[in-house]
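The values are calculated or read from the model by the stated rules, or taken from the named source; none is laboratory data. Bear in mind that the values here come from a model prediction, so they are computed numbers and not experimental data. As a convention, Cβ positions derive from the backbone with ideal geometry for all residues, glycine included, and neighbour counts pool all protein chains shown.
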Ligand SMILES: NC(=O)c1ccc[n+]([C@@H]2O[C@H](COP(=O)([O-])OP(=O)(O)OC[C@H]3O[C@@H](n4cnc5c(N)ncnc54)[C@H](O)[C@@H]3O)[C@@H](O)[C@H]2O)c1
């Protein structure tokens, strides 16, 4: 395998962890990120501060919608593998900006598939989302379920990008692995994601607003387990196209999550319930048996172990949080 791995969205939450892991495995890594304003670019720069100057890492500040830029990146570097994480993420904001989600998540993915085809990439990993299961999924969600009923523009954009991945795999024999990620959390989690938001609010003794009555369930997956899942997927080269769920395989309801957060912070949450939000499903739960059987994937970190790890990181980085939000 050619050694250079292109990681898009390298300065993001998951991307920065993955780049660290790839570098320590001895890969050459080219990271592409446009440091967009989805949340503070200051936070993204902080995410990669320890890897920016490491040997084997090249950072390209640029946009995956810029096809000539991708052309340059591929022609100047010996890209063997693409790990495509760059996206506009998040369900709720996608209802406000459907065209932006379409542009980044679909057109951007297509640009990368085109470059991968043109430059003979050996493997393409795509970060998809549990949200593609939409109203078709019956928990636990199995990769065989139809994904024809997404209920947010974000979910629709990920489902469409998966279809393009399949098409390119079929037409051009580009080996593709789609990884459907289930709510990832841990150090550097995006500030607007539920666990991060709840921890911040409880810590600052502010009211925590939750949508619905607290019975919504999510399969929360710790970042280290996700990184191990990506690593296993990189070694999975038997099939032309495959899809794997990467989750923890346990559904946790919001009330339990809040209790775990309260315990980790040693503070009580003041909860305000709001009406359930359109676009959100009531449960996500991964059937991880396929990833277990074919990738040897075995998530290890429970919510009771992972939340205190996140809280510890949060407490150590409160100042960075404040700097990030003031420059946003
Ligand atoms: N975090 C989760 O729970 C979760 C769950 C399911 C799927 N995913 C997917 O995993 C991937 C990474 O998620 P994350 O939580 O790390 O998000 P993130 O927002 O922290 O990371 C995405 C990165 O992509 C970059 N980016 C966005 N648009 C770009 C563009 N046009 N060109 C270049 N770079 C661009 C952003 O600047 C950001 O650094 C996304 O594709 C997301 O949809 C995440």
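Scanning the stretch 276-307 for residues that are part of a loop (DSSP other than H, G, I, E, B) and in contact with a helix residue (DSSP H, G or I) (Cβ under 8 Å, 6 or more places away or on another chain) turns up 277, 278, 279, 280, 281, 284, 296, 297, 298, 299, 300, 301. Applying the set (1) more than 15 Å from the ligand (Cβ to nearest atom); (2) over 27 Å from residue 289 (Cβ atoms) to residue 197 leaves exactly one unmet item: (1). Can you say whether residue 81 is in the same structural domain as residue 119 (by TED's automatic domain parsing), assigned to a strand (DSSP E or B) and away from the ligand (no atom under 11 Å from the Cβ), as far as the supplied structure shows? Yes. Condition test on residue 43, is it in a helix (DSSP H, G or I), crowded, with 24+ Cβ neighbours inside 10 Å and within 13 Å of the ligand (Cβ to nearest atom)? It is false that residue 43 is in a helix (DSSP H, G or I), crowded, with 24+ Cβ neighbours inside 10 Å and within 13 Å of the ligand (Cβ to nearest atom). Look at (1) in the same structural domain as residue 179 (by TED's automatic domain parsing); (2) more than 25 Å from residue 12 (Cβ to Cβ); (3) part of a strand (DSSP E or B) and you find that residue 239 fails only one, number (3).
Go through the residues of the stretch 283-291 one by one and say whether even a single one is modelled with pLDDT under 95 and within 17 Å of the chain's Cα centre (by Cα). Yes. Note on the stretch 209-235: residues that are touching a helix residue (DSSP H, G or I) at 6+ places or on another chain (Cβ under 6 Å) and modelled with pLDDT under 95 total 3. When residue 95 is tested against (1) more than 28 Å from residue 3 (Cβ to Cβ); (2) within 15 Å of the ligand (Cβ to nearest atom); (3) in contact with a helix residue (DSSP H, G or I) (Cβ under 8 Å, 6 or more places away or on another chain), just one condition goes unmet, and that condition is (2).
Any idea which residue in the stretch 115-125 is surrounded by the most Cβ atoms within 10 Å (Cβ to Cβ), counting only those that are within 15 Å of the ligand (Cβ to nearest atom) and without any contact (Cβ under 8 Å) to a residue 60 or more places away in the chain? That would be 124. If you check residue 161 against the conditions, is it assigned to a loop (DSSP other than H, G, I, E, B), within 19 Å of residue 63 (Cα to Cα), within 14 Å of the ligand (Cβ to nearest atom) and under 19 Å from the mean Cα position of the chain (by Cα)? Spelling it out, it is not the case that residue 161 is assigned to a loop (DSSP other than H, G, I, E, B), within 19 Å of residue 63 (Cα to Cα), within 14 Å of the ligand (Cβ to nearest atom) and under 19 Å from the mean Cα position of the chain (by Cα).
The set of residues in the stretch 110-135 that are part of a helix (DSSP H, G or I) and more than 16 Å from residue 170 (Cβ to Cβ) comprises 111, 112, 115, 118, 130, 131, 132, 133. Tell me whether the stretch 145-156 contains one or more residues that are in a loop (DSSP other than H, G, I, E, B), surrounded by fewer than 18 Cβ atoms within 10 Å (Cβ to Cβ) and within 12 Å of the ligand (Cβ to nearest atom). For the stretch 145-156, residues in a loop (DSSP other than H, G, I, E, B), surrounded by fewer than 18 Cβ atoms within 10 Å (Cβ to Cβ) and within 12 Å of the ligand (Cβ to nearest atom): absent. Across the stretch 46-55, the number of residues qualifying as more than 10 Å from the ligand (Cβ to nearest atom) and either part of a helix (DSSP H, G or I) or under 21 Å from residue 124 (Cβ atoms) (or both) comes to 1. Of the residues making up the stretch 1-27, those that are within 16 Å of residue 124 (Cα to Cα) and either within 15 Å of the chain's Cα centre (by Cα) or at pLDDT 95 or above (or both) are 4, 5, 6, 7, 8, 9, 10, 15, 18, 19, 22, 27. Here is a check on your reading of the model: is residue 36 closer than 20 Å to residue 197 by Cβ and near the ligand (Cβ under 9 Å from one of its atoms)? In short, yes. Might you let me know whether the stretch 14-32 holds any residue that is within 14 Å of the ligand (Cβ to nearest atom) and assigned to a loop (DSSP other than H, G, I, E, B)? Within the stretch 14-32, none of the residues are within 14 Å of the ligand (Cβ to nearest atom) and assigned to a loop (DSSP other than H, G, I, E, B). May I ask you to verify whether residue 56 is surrounded by fewer than 15 Cβ atoms within 10 Å (Cβ to Cβ) and at positive phi? No; evaluated as a whole, the condition is false for this residue.
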